[in-house]
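Participant: Encoded as structure tokens, here's the structure I'll be asking about.
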Amino acid sequence: MAKARLAYLLLLFTTHRSFSVLAVELSTDNASLSINEFENIELSCKIHSTTTPKPRVEWKKMTMVGTSHVYFDGKVVGDLKNRAILREPASLLILNAIRSDTAIYRCEVAAINDQKMLAEIMIDLVVRVKPEVPKCFVPKWVPSGKPIELSCFEDEGLPDSQYQWFKNKEEIPVDPDTNPNFFNSSYTLDTQKGTLEFTTVSKEDAGEYFCRAKNIAGQAECLPQKMQVYDLDLFWILQGMLLVVTVLLCTTVVLCWVYKKGQKQTRNRGPANGVELLHLRRIDEVDEVDEVDEADFGHKMSFVV
């Protein structure tokens, strides 16, 4: 009885072991990875429980555009050619990763000698990109009491950047009540869009402003720009003076143009006018001679009579 039971247990163990060996299995160290741009990263794909001496390995890249091969027929292909290496038995090393490498990668293994011949695992890779220097707009001249908006934007960072605004090198808080230096300011700060909007700007809001774009990969900021705030009356005076200067300048230009055009026309008509005057003078002299001759003729006739 004991021998029969031992034989049964041995058979069960052998059967279970043979079934487990006949199924190819895969595992990975990390199914979700994030790295900074231009770094190296290994996508691990480990093969377990296979009786196939050299199973076939393929890597595929899946994006919103579609699916493409990365490793196929024993070599790296596609946009990772010359930038990736297969580490035996199935892991993929990506060198100098760039933003377009962000995708879901699928490791596929075919073991023809196993009962379960196919297995696959997915690895999600995100390549983070440092923001570029943001484009900042800060108005130079602002009338007090009016609404005004400062803007900051960049589109290179991955993931999307968060924005910070600084006044005179001090960070502007989202809530002005949290910092006594900004109690008198009335503004709305949007860290997602990068806008700093003043409801009614005051003279206390004057100063040097700059913006910083930041994400997990790094940060970048624009140069400080000075914003000056003036009383509304002075602002309109300056506007009026600018308008008067503009009008005077335009008038001067027009008068100079008219004067030069008149001088040019006078020079062009000079010789012709001289000939006409000479002709008229000669006609007048002929008329005077005729009048004298008629007078003399009348005088002589009366004398003869």
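Read-outs: derived from the displayed coordinates by stated rules, not from any lab. This structure is a prediction, so every number in the text was calculated from the model and none was measured. Please note: Cβ atoms are built from the backbone with ideal geometry, for glycine as well, and neighbour counts cover all protein chains shown.
Participant: Take the conditions surrounded by fewer than 13 Cβ atoms within 10 Å (Cβ to Cβ) and of a type in the set (Lys, Arg) and apply them to residue 81. Does it pass?
Facilitator: It is true that residue 81 is surrounded by fewer than 13 Cβ atoms within 10 Å (Cβ to Cβ) and of a type in the set (Lys, Arg).
Participant: Could you check the range 95-131 and list, in sequence order, the residues that are within 37 Å of the chain's Cα centre (by Cα), over 15 Å from residue 32 (Cβ atoms) and assigned to a strand (DSSP E or B)?
Facilitator: Residue satisfying the conditions is 129 alone.
Participant: Looking at the range 132-160 only, could you name the residues that are assigned to a strand (DSSP E or B) and aliphatic (A, V, I, L, M)?
Facilitator: The answer is 142, 148, 150, 158.
Participant: What pairs come out if I take residues in the range 160-180 that are over 15 Å from residue 198 (Cα atoms) and pair them with residues that are among the polar types (S, T, N, Q) and assigned to a loop (DSSP other than H, G, I, E, B) whose C-beta lies under 7 Å away, six or more apart or interchain?
Facilitator: What qualifies is 162/191; 163/191.
Participant: From the list 123, 112, exactly one residue is farther than 30 Å from residue 225 by Cα and touching a strand residue (DSSP E or B) at 6+ places or on another chain (Cβ under 6 Å). Which is it?
Facilitator: The conditions single out 123.
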